[in-house]
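Have a look at the structure below, then the notes.
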Amino acid sequence: MTALLDRVQRDVERAVLRGRNGLRYAAGTSRPKVGRTPKDVVWSRHKAELWHYRNEDVRYAPPVVIVHSLVSRSYVLDLYPGNSAIDFLLSQGLDVYLLDWGVADEAESGNTLETYTDSYLPEALAAVGGEVTVLGYCFGGVLSLLAAAKLPMRNLVLMATPVDFTGMEAITALVRDGRLDPDELIDATGNVPPEAVEGAFRLLKPTAEYSQYANLWQHLWNDEYMEGYQAMGQWTRDHVPFPGAAFRQTVERLVRENGLMDGSLADLSAIDVPVLNVMAEKDHIVPLGAAEPLAQLIPHAEELRLQAGHVGLVAGRAAAKVTLPGIAGWIAEHSEAV
């Protein structure tokens with residue numbers, strides 16, 4: 001009888017919390033603040049900024065510079081306290097920077113891949129001074145590979161980074177086959193609008209939103225779950241425009257010509273620094289077939305395969321317990337104590 005009463009009381013309490021949290025969620029009044037880890041802007045050019053995160057307990061050198069993707073917001077790496085890849089890396093004694101590309105508008109529509117790899121990236125790293133460990137996430141990893149010969153790197157870490165674009169058939173098929181011309185996706189600003197980027201990702205998992213709502217109802221009473229759900233939901237709906245010129249090159253040189261695999265776009269075999277290729281085995285955006293061929297291009301590259309999805313590499317409980325410790329440990333092993 002006591003157990004039954006306890007269960008009824010728990011269910012009543014959860015129902016009250018569901019009602020409260022549901023109203024807050026619908027009204028949008030409890031959105032979590034993201035990107036809160038203290039930082040300073042140490043370099044900028046146009047929309048691009050290099051952030052240096054404050055850390056009074058740096059135990060390893062050289063610094064780690066994270067190169068983010070062009071098509072998403074970088075705060076996925078710093079969602080909120082307790083769920084922040086940045087904060088975790090800082091806690092491991094690393095000196096962390098992040099290169100954020102900002103939100104492209106008409107001024108960035110003419111930016112090519114070379115704008116980022118030959119200009120912005122080298123300039124930003126020059127502001128750090130000396131050697132660095134470069135950590136490229138998703139398309140930020142592609143940019144890091146293309147710029148590798150120009151960067152003062154001690155180590156290179158790639159996370160969920162595609163090199164064989166035939167392995168991304170689900171998201172590239174329309175433009176690869178010529179059924180969709182790149183210019184059909186470019187709007188009046190000269191860029192691919194964020195709605196098109198978000199739509200492409202949604203097509204990869206068309207039923208995901210429904211399962212997310214089912215999970216939301218089940219956990220609506222849980223304040224901690226709601227904070228994580230809202231922060232991640234905010235990020236997944238918060239894409240940024242893809243600069244038009246870089247998008248055209250991506251379609252032609254990376255998707256249609258597969259220019260990383262045949263060496264026509266960059267000779268990756270010339271990279272002679274330690275390389276770690278971090279792959280998510282449940283990644284639906286950059287599947288293993290797109291990421292693992294790096295071993296053919298850089299034979300000395302080490303691999304770290306993790307039971308995670310694309311975002312699960314950097315956010316969520318699995319990231320804090322498995323992914324990030326493995327990455328931070330590898331970086332520490334390939335760094336010097338200070």
Counting other beta carbons within 10 Å of each Cβ, put 115, 323, 37 in order, fewest first.
115, 37, 323
Please report the spacing between the Cα centers of the range 300-333 and the range 254-273 in Å, no decimals.
25 Å
Can you work out the Karplus-derived ³J(HN,Hα) for every residue in the range 309-316? Use 6.51 cos²θ - 1.76 cosθ + 1.60 with θ = phi - 60°, whole Hz, and x for glycine or proline.
x, 4, 7, x, 5, 10, 9, x
Note on the range 33-337: the mean projected area of its alpha-carbon convex hull, in nm², is 14.8 nm²
Using the count of nearby Cβ atoms within 10 Å as a rough guide to exposure, how do 49, 169 rank from fewest to most?
169, 49
The answer for residue 39, listing residues at least 5 apart or on another chain whose modeled amide H is closer than 5 Å to its amide H, is 54
Under the √(5λ) rule applied to the eigenvalues of the Cα gyration tensor, what semi-axes describe the equivalent ellipsoid of the range 247-307? Give them in Å, descending.
21, 17, 8
If only Cα atoms are counted, what is the Rg of the range 54-166, and what is its Dmax, in Å?
14.2, 44
The range 84-117 and the range 59-79: distance between their alpha carbon centers, rounded to Å
6 Å
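No lab work stands behind these numbers, since they all come straight from the coordinates. What you see is a predicted model, and the numbers here were worked out from it, not measured in a lab. Reconstructed Cβ throughout: ideal geometry from the backbone, glycine too, with neighbour counts over all protein chains shown.
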